[in-house]
Each structure stands twice: as structure tokens, then as C-alpha cells.
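As C-alpha cells, the structure follows; a few thoughts come after it.
The values are calculated or read from the model by the stated rules, or taken from the named source; none is laboratory data. Small disclaimer: the values here were computed from a predicted structure and weren't measured. Ideal geometry is used to build each Cβ from the backbone, glycine not excepted, and the neighbour counts take in all protein chains shown.
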């Protein structure tokens, strides 16, 4: 049977929109008229900007929308970027309604770019899909496909399941229109699996409907049965939604059409007339679904004619098809004529009226040829764009492999350094034991002095020799500790590396002993910058060992991420904790982790807080709550991290970290380090102190 669902989808959406527009026309006129009067009386630019936005949202008149969207953009005060994005979107919509598609593309793309910059991924994807439609109208199929795949890539970066499903649905729908079955099923199946994971009935219903149409493309028995199964699943999911929007209603009706076409095809392929009754039953259900839309009753009439055709009542089918054609022309629904012509041609052929059969076939061919040419160009662009996307993915995979090799080299170097450190630590224990034995020997010698006065002079000389030896041992111990400190500092990021990623950053690290339990580390992952700070419950050598294991686990975890993935601080910290041995987890006092994106920061912590100064106002980002803390940031804002031992030291000095950080925020980056040093030098230090301040 003729595959006509794509044409019907377009006509159906337009009809549903027209009905909704007619019902709301009077109400919309009153609302817009009231807003226009309010705009005329407005005295401030802020009020005018708000009213321009509301007029663009409420009005369905393209000229009105274009006029006030333009005024609204000119009044933008650099505060509400979300409304600016929507105004550009309304502006593009107005030009789209006036078929000025180049301007529609220009302003819709600006809306999408602003939405992406402020992290509004849902609106970015929606506008990108609109832009792809406008590209289709101007026959720029290469950019049409590129825009759709770019939107999908952004949704994947943010792990936004709903918008990923929306992109998969639109891409698969176009593959269906082009008859590209394998590619369409691949994309639609990915989307359907994602929708199942989130139990989203709308997305499952929409994608199941597309899969039903795609499986019907070849028309053999197995494909017909698979198409019917997907159509039933689509209806099951869509029936669970209380209020169907136009897209869902369109797909629900398409699913009915797929069931009817599928059963009629099975009746023809398997020579089993019982399937015709199933088609008739679903056509009755479809008629009930369309009772409020008189112009779309053409679908039901055509299906009834084809049911008569399947029952070999060709004269009845011919009569009903001519009535359907007349009804479609009376309703000015000429888009349906293409498949009515084809059905009439087949019916007249069965009746032996070859003159009329040829007549309607020529009319059908005249309508279908422009569509076939357009499909060929869209299909070529689809293959080219998909090839480009695959090349980009291969390049990303190559970069990932290079990064993994680099990571393996760093791990090998780290293992060598850990081996050297372990040997040094064992040597340190031996020296301590040796010192203890020396002290024991010294105490015994003192006891002997009391009982052997004659040997005092000799023993004093021996003690002097031992004193010199102890000094040498002490110097060696301190040298080992200083070397251990150099190893520890090689593990964490240097101040130069932090300054490179975060210009003007304050890095203050002052151990209580030579080595420290505190640490800080930074890295770049694609366009994201990562900053971590942690500490140990112990100071000195034990704390240093715990900190080195923690940093190693963090580097290993970050190294396994790709630049395209969504980076979740809380997920990273959970992975780091799972990699640490139990003894290290028990002695790790706390960890703070920030991921800086474009205009945003994500934070998570374990037993540690951080401070965000946003427009001068301090915001405590709690590390005792599960999940990520997301905040937008702008130039001049600051993020300050401090270790748990720093908090203990400050509390012992009768000051909270929040007060100290607020004092530092009011100073320039050059003055901050001197201010911390001056405050710490006022009394004896008993804990490791580490503070990192980043100014956006």
C-alpha cells in the first residue's frame, strides 16, 4: 500500500494548530490589546522590555511579534538573558510565518546561541530544531542535518535524556520521510532505550510511533507485524498521558493509520481476510479520535475506501474515493490528493477502466516527482553529514587514546615515585629504631656512670661521639622529610599550573610540619576546569601518605572521563572514595571539588564546605549534602576553598573561615596572600593550613 503517513503528519499538525488558534483567537486579541495599551502608557525602559516580551509571547500576528521583539532586543539591559533569548526566538518565529526564512534562521540561531551560553539546554535544542526546519524550507539540507546533530551532541554533553530523545525523534522522523530504514531504526532505537530508562511515556510513545513507520518501509510480512507491534506500543504509552499536545495527538493518529495500513497489507500478503476486520475496527477508533476535526475526516473516508478495496468491492471503493476527493477539495485540503490519486489509479485498474487509471496515475506522478527530487538531495546530505560526524567522533576517540597513553605513563612514573617513597619511609623507620636503641644504650651508660666513676671521662667522650652521630642522623631525617615534601609537591598541582588555569588565584599552603596532610590539584577537561582541595585527619608523614593516595585516586578518576562527558563532582568523589583503602578513608578529613564551566560552577564536598561570593554576597556551598551544587557565575565572583585542618586552626584562633574569606574577598589578589601570612604569624601554628581563592 502507498506510504502516506509523513504527508498526513504535516497536514494533521497544521489542522490541529489551526483549530487551537481559532478557539483562542478572541481571548488572544483581548490580552494583546490590553498589553499594547499598557505599553503605550509605560514610562520606563524596564517596563517596556517586559511588555515587549509578553506581547511576543501572547500575539499570533507575525507583524506585531516582529515589531515588539525588535524593540525588546534594543531595550535589553544585560540582566535577563533568558528573556532576550526568547525575544530572538519570537522574532525568528515572526519571519518564519511570513516565509522570510533567511531572517528566521538568523534570529532563531541567535536565540539558540544565547540559550546555550546560559545553560538553557532545553530551549537551545528546541530552537536548533526550528532552525533545521527553516534550513529545509530554503533547501539547505547540509546545514539542516548539521544543526540537528549539533543539538544532539550538546544534549549528550549535558546527559540531558529528555532533549536527547527529542533530537533522536526528529532525526529518525526525517530518516522515515526519506525511506532510510536502517539509519532511522538505529537512531529511533537509541532514543527509545533512553526514554525507557527515564520511564517517559511521551518520548516512548513518540519514538515507538516512528519505529512503527520505519519498520513498514519494506512491506514484507515480518515488517508488517513488527510495525503493528510498535504501533500498539505507541498507543499504549500515549494513552497514559492525560493531556496530549499537538505532537502527541499527531503521533497517536499516525499509530492508528499504521495499524490500519499494516492489517490491510497483511490481508493482501497472507491472503487472509480476517485482518481486514481488524483494520476496520481501528478505523472506527480513529474516527472517534478525529470527531472534532472535520477536515481530517478525509483520512477515515479514504481508509474506508481502501477497506472496500481489500474486500474486492472495487465499485464501492471507487465511489467512496471520488466522494473523498470532492470532500478534500471542498475543504481546501489539497495535500491529501496525492495519495487519493494513487488509490483511484489502483481501483480503476482493478475495474478495467484503464483510461481513468492512467489519468489518476499521471496526476499522482506529477505530485510525487518534486517530492522525490527533494528527498534525494536530503538523503545525500544525510549521508555526508553522518560521515562528517563519524570522522569527528573518530578524532575524539584518537585524542582519548593518546590521553590514556599519557595517563598510563604518568601512572608508571607515579608508581616509581611511590616505590622510592616507600623505601625512604622504611629507611626512616630503621633510623628511628636505631635512634631508640641509641637512647636505650645512652640511658644504660648513665646508670653505669653512677656506679663506675672511673669510667666517666671515657663515657663522656663516647657520648660526645654519639651526639655528633645523632646530629648527622637528624640531618639525614630532615633531608628525607624535605625530599618527601618535594615528592608530595610533585604530586599536586603547582601554583604556576593553577595560575595558568585561574589567573590571579590565591594559593596559600603552610604545613605544620615539613610534609603536609593538605593537598590541592587542578586540571582541564575539554572546556571545563577542575579544582580540588582536601586534607587528612593526621599531620606530618601519615597525613602526607593519605593525601598522596587521595590525589592519585582523583587523577585516575578524572583521567577516565572524556572531554565530551557530563562531569559530576559528586560522582567523581564517590568513585575516589571507592578506590581508597579503608585505612585511608578513615584518615581523610575531607575533600572539596569544583568543576568550572562557561559561566557556571558545580560543587561537591565530603566533610568540607566552600564559599561562593556572587555579586559580593557570600554563599556557603555545603559539603555535607548529597549531589552537586550548581551556581552560575560572572566576572568578579570568587570561589574560596579551605581544608578541614584550616577550619580547626581558625576556630582555635576565635575566627571562622567564612569571616576570613570575606576579608580576603575585599582585597586584591596581590594583597590576599600577605593578609593570610600576617594573620597566621600572630600565634603558634598547630594544624596544616591551606586556602585556595579563585576570582572569575
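Could we say that residue 561 is within 28 Å of residue 117 (Cβ to Cβ), assigned to a strand (DSSP E or B) and either touching a helix residue (DSSP H, G or I) at 6+ places or on another chain (Cβ under 6 Å) or at pLDDT below 90 (or both) here?
On the way: within 28 Å of residue 117 (Cβ to Cβ): yes; assigned to a strand (DSSP E or B): no; either touching a helix residue (DSSP H, G or I) at 6+ places or on another chain (Cβ under 6 Å) or at pLDDT below 90 (or both): yes.
No.
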Exercise. So is residue 32 at pLDDT 75 or above and assigned to a helix (DSSP H, G or I) or not?
Worked result: yes
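Given the criteria surrounded by fewer than 23 Cβ atoms within 10 Å (Cβ to Cβ) and free of Cβ contacts under 8 Å to residues at least 60 places away in the same chain, does residue 143 qualify?
Working: surrounded by fewer than 23 Cβ atoms within 10 Å (Cβ to Cβ): yes; free of Cβ contacts under 8 Å to residues at least 60 places away in the same chain: yes.
So residue 143 fits the description; yes.
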Exercise. Residues of region 508-520 being surrounded by 22 or more Cβ atoms within 10 Å (Cβ to Cβ) and assigned to a strand (DSSP E or B), which ones?
Worked result: 519, 520
Exercise. So residue 456 fits all but one of (1) surrounded by 11 or more Cβ atoms within 10 Å (Cβ to Cβ); (2) under 30 Å from residue 560 (Cα atoms); (3) modelled with pLDDT of 75 or more; what number is the exception?
Worked result: (2)
Problem set entry | Top-ranked residue in region 240-270 [being assigned to a loop (DSSP other than H, G, I, E, B) and in contact (Cβ under 8 Å) with a residue 12 or more places away in the chain; ranked as surrounded by the most Cβ atoms within 10 Å (Cβ to Cβ)] | 241
Problem set entry | Scan of region 72-101 for residues that are under 17 Å from residue 599 (Cβ atoms) and buried (at least 22 other Cβ atoms within 10 Å of the Cβ), ordered by number | 84, 85
For this session: Could you tell me whether any residue of region 296-314 is surrounded by fewer than 21 Cβ atoms within 10 Å (Cβ to Cβ) and within 37 Å of the chain's Cα centre (by Cα)?
Result: no
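Among the candidates 358, 435, 340, 402, which residue alone is at pLDDT 70 or above and farther than 30 Å from residue 308 by Cβ?
Working: 358 fails: farther than 30 Å from residue 308 by Cβ; 340 fails: farther than 30 Å from residue 308 by Cβ; 402 fails: at pLDDT 70 or above.
Result: 435 is the single residue among 358, 435, 340, 402 that is at pLDDT 70 or above and farther than 30 Å from residue 308 by Cβ.
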For this session: Within region 102-120, count every residue that is part of a helix (DSSP H, G or I), surrounded by fewer than 20 Cβ atoms within 10 Å (Cβ to Cβ) and touching a helix residue (DSSP H, G or I) at 6+ places or on another chain (Cβ under 6 Å).
Result: 3
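Only one of these is closer than 30 Å to residue 671 by Cβ, modelled with pLDDT under 90 and in contact with a helix residue (DSSP H, G or I) (Cβ under 9 Å, 6 or more places away or on another chain): 616, 599. Name it.
Values: 599 fails: modelled with pLDDT under 90.
Every option except 616 fails the conditions.
I'd like the full set of residues that are at positive phi and touching a helix residue (DSSP H, G or I) at 6+ places or on another chain (Cβ under 8 Å), limited to region 503-531. Working first, answer last.
Looking only at region 503-531, we keep the residues that are at positive phi, and these are 504, 526.
504 - this is the single residue of region 503-531 that is at positive phi and touching a helix residue (DSSP H, G or I) at 6+ places or on another chain (Cβ under 8 Å).
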Exercise. Within region 126-138, is there a residue that is more than 22 Å from residue 247 (Cα to Cα) and surrounded by fewer than 21 Cβ atoms within 10 Å (Cβ to Cβ)?
Worked result: yes
Exercise. Among the residues of region 165-185, is any in contact (Cβ under 8 Å) with a residue 24 or more places away in the chain, crowded, with 19+ Cβ neighbours inside 10 Å and farther than 24 Å from residue 248 by Cβ?
Worked result: yes
